[in-house]
1. Describe numerically, in nm with one decimal, the distance between label points set 7 Å from Cα along Cα→Cβ at T377 and at K191.
2. Report the FRET efficiency, 1/(1 + (r/R0)^6), for T298 and S406, where r is their Cβ-Cβ distance and R0 is 30 Å, rounded to 0.05.
3. Which Rg and Dmax, in Å, describe the Cα atoms of the chain?
4. Distance from the Cα centre of the range 151-176 to that of the range 69-140, in angstrom?
5. I'd like the orientation of helix 225-241 relative to the chain: the angle between its Cα long axis and the longest Cα principal axis, in ° from 0 to 90, rounded to 10.
6. Arrange the following residues from fewest to most other Cβ atoms within 10 Å of their Cβ: H52, H201, H58.
7. Choose one of S340, L376, A390: the residue whose Cα lies farthest towards the positive end of the charge dipole of the chain (beta-carbon charges +1 Lys, Arg; -1 Asp, Glu; about the Cα centre).
8. Tell me the angle of helix 261-278 to the major Cα principal axis of the chain, expressed in degrees between 0 and 90 and rounded to the nearest ten.
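Coordinate-derived values only; no laboratory data. Bear in mind that the values here come from a model prediction, so they are computed numbers and not experimental data. Virtual Cβ from ideal backbone geometry, glycine too; neighbours counted across all protein chains shown.
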Amino acid sequence: MTNNSRHASSYRDPSGHIYIENDIIKRIIFPSYFPQYEALNKNGFFEKAFQHKLLIPHEEIERSDTQICIQPAQIPFITYPYEWSFQQYKEAALHTLKLQKYALQNDFSLKDATAYNIAFYKGNAIFIDTLSLDFYQENTPWRAYKQFITHFLGPLVVAKYHGAEFLKTMSNFIDGIPLKMISSLLPSKTKLNPFLYTNIHLLAKYENKHQEEDVQATKQATLSKKGLFNIIDNLYNYIKKIQLKEQSEWGDYYQKTNYSDAAFQQKSTIINDWILQLKAKTVIDVGGNDGTFVRQITSDVTTALVGDIDNNAVDQNYYSVKKNKEQNMLPFVIDLLNPSAAIGFQNTERFSFVKRVQEFQPDVTLALALIHHLSLTGNVPFENSAAFFASFSENLIIEFPKRADSYATRLLNAKAEFKDHFGHYNLEDFEKNYTEYFELVAKKDIPDSQRVLYLFKKK
């Protein structure tokens, strides 16, 4: 029977592990989890959870006395909590609670409530750790309650008061934001809110392991299933109402663009024609704002990744994905000047953005209205950005704003007395550096603008 080596991120659960065989993710289940797995199968829990899109679907492909192998539906690209917009993060939290409630209704319970058990698949949040479901034991608390607070409620509440940027903090706390940190970051007035006081501030007082065990021990005999349902419903209702109170520079970018409607449409037409010409099935737009240009593509794109640095723009994109039921588009938050690094034990539990996108191998990369930010805001030399795009792009569609472009001019003027040090920002130097890594296939001026579109093919 197949017994490939365990995936680097899958060492924490003694019930089984995931592995990759011929680029296909599979999961091994050990005998210690057989009773739960068989019960979940027998009462139709899995089938109903798949139908309601609560749990990633799987098929059993091998079985023996020592292990069972299942193959889940394959997710084209995994994003992590620190790459989610605020609305995505909220949906991930609410989805976890939905699954826990459904589990309780069937006498099961989630033993894990980490944000890393959620992925985005076909336009929705989905729970991906099949082995997180365990038998419910009468009059016991929710084992994963504190984990849910540190992975979901806490980060969302802090983001409400301090902005969505705080969600990126999850990259430093793979096991959840410490309760004492969450409590200390919240305004004092939140201690007057009974819900927040109970679920965050009071809990933070008992973060010391022994104190927490004492508290849990006193609650064990009294927390009924009805009490658990109340906790879940209260968490769900509170999280559902949380909203951000922040604006951003790029949230309404396409309402204040610096080129005409005709230029905008012509840009879209050129991009679409090139993608049709390439017969691309997979696309990544690394500065895609709210996904506008990807939505103009008329060819049959199976997977479109749309990243942007701005939370509000990604939120808008995700809202459109949900509204239009766009199963092929995945929005996410990314700062190309500081893309997500590899984290966790030996830096192998969560892969870097660069490694993931290299494995994804998009047919086309879009980099629109981006190079002036990399080159002028981030001071990234053309040679470096060209090498970066070449590391994962078979084909690259990139837009170059000339020095006379109003946005480029603004960035150059912001350099003040150092403006003269950026004389290299011109079409000639750009083309010289990029053709070291790419073959120039096509080049078109966008009419009625100071911008040029390039189509490159990796050498």
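1. 3.9
2. Approximately 0.50, to the nearest 0.05.
3. Taking only Cα atoms of the chain, I get Rg and Dmax of 24.4, 75 Å.
4. Centre-to-centre (Cα) distance: 18 Å.
5. Here the helix axis deviates by roughly 20 degrees.
6. H52, H58, H201
7. S340
8. So the inclination is approximately 70 degrees.
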